[in-house]
Structure formats: C-alpha cells, structure tokens
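Each value in this text was obtained by applying a stated rule to the coordinates, not by laboratory testing. Because the structure is predicted, anything quoted here is derived from the model rather than measured. Counting neighbours? That spans all protein chains shown, and the Cβs are built from the backbone with ideal geometry, glycine included.
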Amino acid sequence: MGTLIDWHSHWIPRRVIDLLRQRRLNPRVVENAQGESVLLAQPWAVAAKGRPLIPEWHDIDLRLRRLDAAGIDRQLLSWPTTNQVDAFLEAEEARPLWTAYNNELARLVEERGDRFFGVAMLPSSDIHWAARELERAHRELGLIGAALPIGGFQTLAAARHFAPVLEVAQRYRSHLYFHTGPAHPSLPGQPPNVPHPENDVPLIRWSLDTGGSFAAGVVTLTQTGFLKPYPDVTLQIAMLGGSIPFLAESIELRARGLHGTSQPGNTRDAFRRVYFDSGVIGRGPRALKLAVETFGADRILFGTDFPPLPAVEDTVAAFDSVELTAEDRNLIRSENGNRLLEARKSEPELASASV
C-alpha cells in the first residue's frame, strides 16, 4: 500500500528520564510500589497517579520492531505535552530540561533520519528563550519545528504571547505541532484547569475537556487572523482538532449570519490553513471519516499516539477500516506528509537569506 508516515508519536529519552528522576517535586520520575518507573504530574493531571514509562517510550530498537510489525515507515517524534511537565516548570527549570531533550532528539534524528524526524520542545515560561531555541533547532539540530501546547492558544490573548516564536517560525518555515496540554500558568488568557474527582468519570470528562480545548485552539488559529503574519509556517493539530469537525458547519453558519453571504465558504476555507492528525481519535472510523468530509483528505495526516498507546498495529488496522477512496487514503498515509517534508528541505537557504 505504499509508504506510511506516523505524524503523532512521542519519545522520552533516557537522559531526560534521568533528569526528571533527580527532581524532588512534581513533575518528576519515581519508582512505584511495583518497582516501575512512573512520571508524576500535577495532582489534577490525567497522569496524576503516575504514567508508567514503558520501554516503548525510550527504547528505540523496540520501537523499530513495533513500527516494522505495523508497517510504519517513518515517525515524527515529539515530547508528550499531555503530561503537563512544561506547564509546571519555572523557566530556570525548563531551559536545561528542554535543551537536553532537543539535543537527544537531534542525535537520534542524525543517526536514524531514515525512520525518524522531530520537533523541538519549547518552554512556555520563557518565550524569548523559546524563540532562540527554535532557531537553534533549525540551524544546528536538524529538527523541522517545535511542539506547542494547545492550551496556550485557547484565546487570541493567549496566542499573542507566542508571537516571538511565530516570528522565528516564519523565518525558518517551521512546522508547528499543537498537542494536548496547558501552557505555563503565567500565560494570560487561558481557561482554568478544572480537576475531576474519581467519582465523576474523570477520563470521560478529560476527553470532553480535551475535545473542547483543541476546538478552541483551532478557532484561534484559523478564524481570528492570528496567522496572517506567518504565511510560511505549517501547523498540525493533534487528535483531528478535537470536536472541531463536529462544530465546523455551525461555525460557518453563524459566521454567515453575522457577516452576510457575500463571501460564502471563507470560514470553512480558513480551517484549511492547518493540518489535522488522526492520533488516538483516528481509531474511531466515524470521527476520521467526518474529518475528511469536513476539511478534505489533503489536510489530514495519519497518526498513532504511540506511546502511550502501545497497540500501534490496532491503530493502523482502524485506519485501514475507514471507508475512503484510494486517492484519499494515499494522501493521508504519505502524500500530505511528503509534501510537508519536501517544503522543509529549503529551510537553510531561506533562513540564511533572511538573517
């Protein structure tokens, strides 16, 4: 069936696990009662009891065997912002951690660029350092862009905080990957992070919160004019944009009602400014089919969310079960991704010309 590129996967190198193990406060890595290494996040995070750091998080040889078994040829590697580590680190704590992460990721990409490419992790607590680190990611590390928390883009006021990063991204034609999680609490314009007690179906509530968070971020990025100064930046939204495929028609109808019909379709066209990856939501065939119908197959990227979801073969099987034309399936499997990666090849020349 041709090449399959996974645009939604995560990696935590051993070096970063060791650094988190040295911390005495959350977020940190500890050993649980069963002798397993677990990542502890803030009390109200979904991983509050500890996310087990199964070997797939860091063991590249094991990962490659799993990818080969599932028929996945290449993966985009990123830090899992779901764990909310960056959101609760002060700048002086975040800078060395993300420097180490980006260095390790660059080393892996250099060694196994045939299978992996990566986006840098940036701190939301020090946005000017983050902008410099994004520049280093392009000029020195061979990375294609950066991961950012969708929680930092819930409102236009919050998104504007990231303007220094977007300015660098425009210069280098970055690929920005928006994933689950809040930004640092000092960031203005973020909604509250509401805890859900154990007796109130917290995982289901979290799914609802996450779907709404992605949808709000998509609205900020596509409907407010925020991206107008950054036409050469490509953007990827995880999890099919959360609930946005279900809301897109309503948003378009409301926009027409408010502004007339002289330019029908502009609101929907604006959604095509970004790409959506399938991630774990893509294991639901109806959700993926709706996203394709809403935004077009040429705006969808295949993704597995591997790990923490170890059953990567099941994710591929779920994607294969979706009713799509052969052309649309091929776009999602590889053509869209190859087009994005091809555009990144001209970065050094563009960046040198603009400095």
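The distance from the alpha carbon centre of the stretch 173-193 to that of the stretch 105-171 is 12 Å, rounded to a whole number.
Span-like helix check, the chain: qualifying full DSSP H segments, with Cα axial length of 27 Å or more and mean Kyte-Doolittle of 0.0 or more, are 202-223. DSSP beta bridges confined to the chain are antiparallel in about 20 percent of cases.
Just the C-alpha atoms of the stretch 111-217: what Rg/Rh do they give, with Rh taken as the Kirkwood radius?
On the way: Rg = 15.7 Å, Rh = 15.0 Å.
Rounded to two decimals, Rg/Rh equals 1.05.
The charge dipole of the stretch 1-94, taken about its Cα centre with unit charges on the Cβ atoms of Lys, Arg (+1), Asp and Glu (-1) only, comes to about 180 debye.
A simple count of charges around residue 88, restricted to other residues whose Cβ falls under 12 Å of its Cβ and scoring Lys, Arg +1 and Asp, Glu -1, yields -1. Full extension of the segment from residue 341 to residue 107, taken as 0.36 nm per residue of separation minus the current Cα-Cα distance, would add 82.4 nm.
In this label model, residue 24 and residue 314 are separated by 4.1 nm, measuring between points 7 Å along each Cα→Cβ vector. Which of the aspartates and glutamates could a cross-linker span from residue 289 if the Cα-Cα distance has to be under 12 Å and same-chain partners fewer than 8 positions apart are dropped? Cross-link targets: 320, 323, 328. Each Lys and Arg adds +1 at its Cβ and each Asp and Glu adds -1 at its Cβ; summed about the Cα centre, the chain shows a dipole of about 520 debye.
Is there a quick way to get the dipole size of the stretch 38-167? I mean about its Cα centre, with the Cβ of Lys and Arg at +1 and of Asp and Glu at -1; what is the value in debye to the nearest 20?
Details: 14 positive and 18 negative charges, 63 e Å.
It works out to roughly 300 debye.
Toward the positive end of the charge dipole of the stretch 107-235, with +1 on the Cβ of Lys and Arg and -1 on the Cβ of Asp and Glu, the farthest Cα among 197, 117, 170 is that of 170.
What's the extension gain from residue 163 to residue 34 if we count 0.36 nm per residue and subtract their Cα-Cα distance? Don't jump to the answer; show the numbers that get you there.
Details: separation 129, 0.36 × 129 = 46.44 nm, distance 4.47 nm.
The residue 163-residue 34 span can extend by a further 42.0 nm.
To the nearest 500 deg cm²/dmol, what mean residue ellipticity at 222 nm is calculated for the chain from DSSP H runs of n ≥ 4 alone, each contributing -39,500 (n - 2.57), summed and divided by the residues? Working shown, then result.
Details: 14 runs with 154 residues, N = 355.
Taking each H run of at least 4 residues, the total per residue is -13000 deg cm²/dmol.
Other residues lying with their Cβ under 14 Å from the Cβ of residue 224 contribute a combined charge of +3, Lys and Arg counting +1, Asp and Glu -1.
Dipole of the chain computed with +1 at Lys/Arg Cβ and -1 at Asp/Glu Cβ about the Cα centre; of 80, 303, 159, farthest Cα towards the positive end is 159. Which of (i) 230; (ii) 294; (iii) 142 is the computed volume of the Cα convex hull per residue in Å³ for the structure on display? Working out volume of the Cα convex hull per residue in Å³ from the coordinates points to (iii). Summing charges over all other residues whose Cβ lies under 14 Å from the Cβ of residue 113, with Lys and Arg as +1 and Asp and Glu as -1, gives +2.
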